[in-house]
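Data first, discussion second: the structure below is written as structure tokens.
A short reminder: the numbers here are calculations on the coordinates, not readings from a lab. On a predicted model such as this, the values are computed, not experimentally measured, just so you know. Neighbour counts run over all protein chains shown; Cβ positions are idealised from the backbone, glycine included.
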Amino acid sequence: MFPQNNQSHSVSRTTRASSWPFYTIVFSLLAPVLASILVFHLDSFDPAPFPNHELTHHLPEPSMKNGRLLQGSEFLGVGLLQGPEDIAYDSKSGVIYTTCADGWIKRVTVNDSVSDAVVENWVNTGGRPLGVVLGRNSDVIVADAYKGLLKISENGEVEMLTDEAEGIKFKITDGVDIADDGTIYFTDASHKYNLHDFMWDILEGKPHGRLLSYDPATKETKILVSDLYFANGLAISPDQECLIYCETAMRRCKRYYIRGNRRGQTEKFVDMPGIPDNIHYDGDGHFWIASATEITLFWKMAFRYPVIRKVAGIILKHIGELETNKNGGVFVVDLKGKLISQYHDPRLMLITSGVKIGTHLYCGSIIYPHIIRLNLAKYPAVHVTK
């Protein structure tokens, strides 16, 4: 009897001992899952559905493309331009004004060779200048994310024109353009989140953006359109009848009439197969619309399902930045809203502006330490074979 009891105890101990690794493995697998579920339900971030039904079911594609923008490109002002977000060109002086992440508005000479470029620290706003356009009296108008709408004189004196509308402060003063009558049109991408937290505005999926105007004569700021999904770049049409503005989070550009019988009305201009940013008119019948990234699988899912954006927000909060962007570049769109061509590259991301100067395309971004320049005559977009 005793030998049998000893054997029974031995088997029992062996069974208990062998079960510990099993439970340890199960616990190590389940614990992160349970913790993630708990964090998900306790986190107060509550994204909303996007009104995707307003978009074109099948996004248009341009008939001409240059899918290797970086091949043949040159880099202007290497190491001297920190995140040159937007670009304005003064044809009289041959100087580019660009807005940088360190607060500087820099002037860059445009020469045949990028090695001959001269970068000048012109004015530091003390904020983060984004959109920029040449003014009417040798001044420069800047949309500064933190400071508001600014006017900078030829001598470099900074004047704050406006930083609120109807009692609500701008949080991300963004795109800007000027009509022939002197009226300044601009966007406030979000009145809830500041630039540092701009990703939260997009992930939340709620319309905090505004399209506005400022009259220098009366100093009046008006809200033209509210409840926009991250209102970003804008450009006035050559006939001065309307302006084109983009809603980055909705992947679209819309037309707003500023004159004529349709004044105050808004209509669709173009739905984008990318995520749009600044818009520039080239004087030759085309708008050049920057695309920060193509609509990747992540963004397709995120724009469709709020739960994906909530998970992304939790990752952003507790782990760090999300790698979701690629294939940035510039779209060329005609005055009727038809996509004509695209310049892009799989290695590019967060391209924020595209300006055609002569036979060259100049691209700004919020991450690169230079302006990208491409000779359009040597490296054109070509017809896509389907």
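What are the residues whose amide H is under 5 Å from the amide H of VAL176, where those residues sit 5 or more places off or on another chain and H is modelled from the backbone?
HN-HN under 5 Å from VAL176: VAL132, LEU234.
Too long at a 29 Å Cα-Cα cut-off: which of LYS336/LYS356; LYS206/LYS268; LYS65/LYS171?
LYS65/LYS171
Wrap a convex hull around the Cα atoms of segment 43-383, take a quarter of its surface area, and give that in square nanometres.
16.7 nm²
Rounded to the nearest 0.05, what FRET efficiency is calculated for MET64 and GLU166 with R0 set to 35 Å and r the Cβ-Cβ distance?
Efficiency for this residue pair is about 0.20.
Can you compute the modelled spin-label distance between LEU55 and GLU74, with each label point 7 Å from Cα toward Cβ, in nm?
The answer from the label model is 3.8 nm.
How high is the FRET efficiency from ASP90 to GLN240, r the C-beta distance, R0 30 Å, rounded to 0.05?
0.90
In a shell of Cβ-Cβ distance under 14 Å around LEU80, excluding LEU80 itself, what net charge do Lys and Arg (+1) and Asp and Glu (-1) give?
-1
Determine the calculated [θ] at 222 nm for the chain from helices alone, applying -39500 (n - 2.57) to every DSSP H run no shorter than 4 residues and normalising by the residue count; nearest 500 deg cm²/dmol.
-6000 deg cm²/dmol
Any idea what the relative contact order of the chain is, in percent, if you count C-alpha pairs under 8 Å spaced at least 6 apart?
18 percent
Mind checking which aspartates and glutamates have their Cα closer than 17 Å to the Cα of LYS192? Skip sequence neighbours fewer than 8 apart in that chain.
The reachable aspartates and glutamates, counting only those whose Cα sits under 17 Å from LYS192, are ASP46, ASP144, ASP163, GLU164, GLU166, ASP174, ASP201, GLU204, ASP227, GLU247.
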